[in-house]
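**Q** Questions regarding the structure given below will be posed in turn.
The values are calculated or read from the model by the stated rules, or taken from the named source; none is laboratory data. Quick caveat: nothing in here was measured; it's all calculated off a predicted structure. Reconstructed Cβ throughout: ideal geometry from the backbone, glycine too, with neighbour counts over all protein chains shown.
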Amino acid sequence: MIEASIAACLLLFLGDFLSTFCYHVPEHVFGSLHLKTHHTSKQTFRHYAILTVNAQVLLDGILGALPYLLIAVPLWSYSPIGTVLGLLLGQLHVWWRHACVMNWQTPKIVAGLCHILFITTPEQHWLHHQKTTVGFGDIFTFFDAPARSWFRFLRLLRFQVRASGQKMAVRL
Ligand SMILES: [Zn+2]
Ligand SMILES: [Zn+2]
């Protein structure tokens, strides 16, 4: 029971960490797929919850979920039940955090509990949908601040790479 709980928590923590810093934030800076599928005009719950056969939505969902699956491999030998539990909870959170589209309002007591446990509520995640520079950390809110710094750093890097590329082009 304890092993299963540790494995589930580790999967969610490390999965969210890798997904945020290796896919979500870099994709916001260098990519367009996630912006297109997740941050353009308001979509349906099924679209955000990846309950659709749209290839681009599925690809964005798979790339975002890939870190969780990679973490699941080593965790499996430690606790298969905990690994499955972590994956299930992660999937349930994907559905829950997009419930705002269906006018969901998190009960105050649940929101208070999430605040204590640093868990992202649908309302907090919805802030990210509305403004792409805030509300990172799909599952845990404590990834938001470092993710914003990572976002600013990568954006600066992109700017400098483009600027040096333009200088080279002028010289040629
Ligand atoms: Zn979302
Ligand atoms: Zn995003």
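**Q** Just to be sure I understand, how many residues within region 22-46 are without any contact (Cβ under 8 Å) to a residue 60 or more places away in the chain, within 21 Å of Gln91 (Cα to Cα) and within 14 Å of ligand 2 (Cβ to nearest atom)?
**A** The total comes to 7.
**Q** Could you go through region 161-171 and let me know if any residue there is in contact with a Ser or Thr (Cβ under 7 Å, 6 or more places away or on another chain) and in a helix (DSSP H, G or I).
**A** No, that holds for no residue.
**Q** Sticking with this one: Among the numbered criteria (1) within 16 Å of ligand 2 (Cβ to nearest atom); (2) under 15 Å from His129 (Cβ atoms), which single criterion is violated by Leu63?
**A** Single failed check for Leu63: (2).
**Q** Examine region 54-74 for a residue that is of a type in the set (Val, Ile, Thr), within 23 Å of Ile119 (Cβ to Cβ) and within 13 Å of the chain's Cα centre (by Cα), and state whether such a residue exists.
**A** no
**Q** Can you give me the ranges of the helices (runs of 4 or more DSSP H) entirely in region 35-136 with at least 3 residues that are under 21 Å from Leu18 (Cα atoms)?
**A** Because the criterion is at least 3 residues that are under 21 Å from Leu18 (Cα atoms), the helices (runs of 4 or more DSSP H) in region 35-136 that meet it are 55-78, 80-97, 122-130.
**Q** Out of curiosity, is Arg158 in a helix (DSSP H, G or I), among the charged types (D, E, K, R) and within 16 Å of ligand 2 (Cβ to nearest atom)?
**A** no
**Q** Among the residues of region 70-86, how many are in contact (Cβ under 8 Å) with a residue 24 or more places away in the chain and not polar (S, T, N, Q)?
**A** 9
This table checks each residue for (1) modelled with pLDDT under 95; (2) within 13 Å of Leu11 (Cα to Cα).
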{"residue": "Tyr48", "(1), (2)": "yes, no"}
{"residue": "Val53", "(1), (2)": "yes, no"}
{"residue": "Pro74", "(1), (2)": "no, yes"}
{"residue": "Leu88", "(1), (2)": "no, yes"}
{"residue": "Val94", "(1), (2)": "no, no"}
{"residue": "Glu123", "(1), (2)": "no, no"}
